[in-house]
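Written out below as structure tokens is the structure these notes cover.
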Amino acid sequence: MPTTDQTLDEILNFAAAHFKVPKEKLQPDDDFFKTLGIDSLQTLDLLTKLENHFHIELPDYELQGVSDFRTLAGKIQARL
């Protein structure tokens, strides 16, 4: 099982590749809406792809209020 830091690193790599931004611009505590310049539909697309990548399902109620990469990594880690 990967560590939370490894999961976080995978999310940052995935987001950088998916939205074509340099990974160096992404920090764990960044608000991904602002940093990536995405809206809620693009966020849902990213979350769906992350669920497929990690082979998990994240219930909507667990994601309410989640807007930074570190918190998202923790939610994903809890499902692994």
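The values are calculated or read from the model by the stated rules, or taken from the named source; none is laboratory data. This is a predicted model, so every value here is computed, not measured. Don't worry about glycine lacking a Cβ; one is built from the backbone with ideal geometry, like all the others, and counts go over all protein chains shown.
Just give me the residues in region 40-80 being among the small types (Gly, Ala, Ser) and closer than 16 Å to Asp5 by Cα, in sequence order. Across region 40-80, the qualifying residues are Ala73, Gly74, Ala78. Of the helices (runs of 4 or more DSSP H) lying entirely inside region 9-80, the ones with 1 or more residues being among the β-branched types (Val, Ile, Thr) and in contact with a Lys or Arg (Cβ under 9 Å, 6 or more places away or on another chain) are found at 32-36.
On the basis of being in contact with a Pro (Cβ under 8 Å, 6 or more places away or on another chain) and in contact (Cβ under 8 Å) with a residue 40 or more places away in the chain, does Leu72 make the cut? Here the answer is no, as Leu72 does not meet what is asked. Within region 40-61, the set of residues being modelled with pLDDT of 90 or more and of a type in the set (D, E, K, R) comprises Asp45, Lys49, Glu51, Glu57. Thr3 meets the stated requirement of being surrounded by fewer than 16 Cβ atoms within 10 Å (Cβ to Cβ), β-branched (Val, Ile, Thr) and at pLDDT 90 or above. Remark: pairs (first residue in region 34-55, touching a residue at least 12 places away in the same chain (Cβ under 8 Å) and within 13 Å of His18 (Cα to Cα); second residue surrounded by 11 or more Cβ atoms within 10 Å (Cβ to Cβ) and aromatic (Phe, Trp, Tyr); Cβ separation under 6 Å; 6+ apart in sequence or on different chains) = Leu36/Phe19. Filtering region 48-65 to residues that are at negative phi and either crowded, with 17+ Cβ neighbours inside 10 Å or small (Gly, Ala, Ser) (or both) leaves Leu50, Phe54, Leu58.
Note on region 37-47: residues that are under 11 Å from the mean Cα position of the chain (by Cα) and surrounded by 15 or more Cβ atoms within 10 Å (Cβ to Cβ) total 3.
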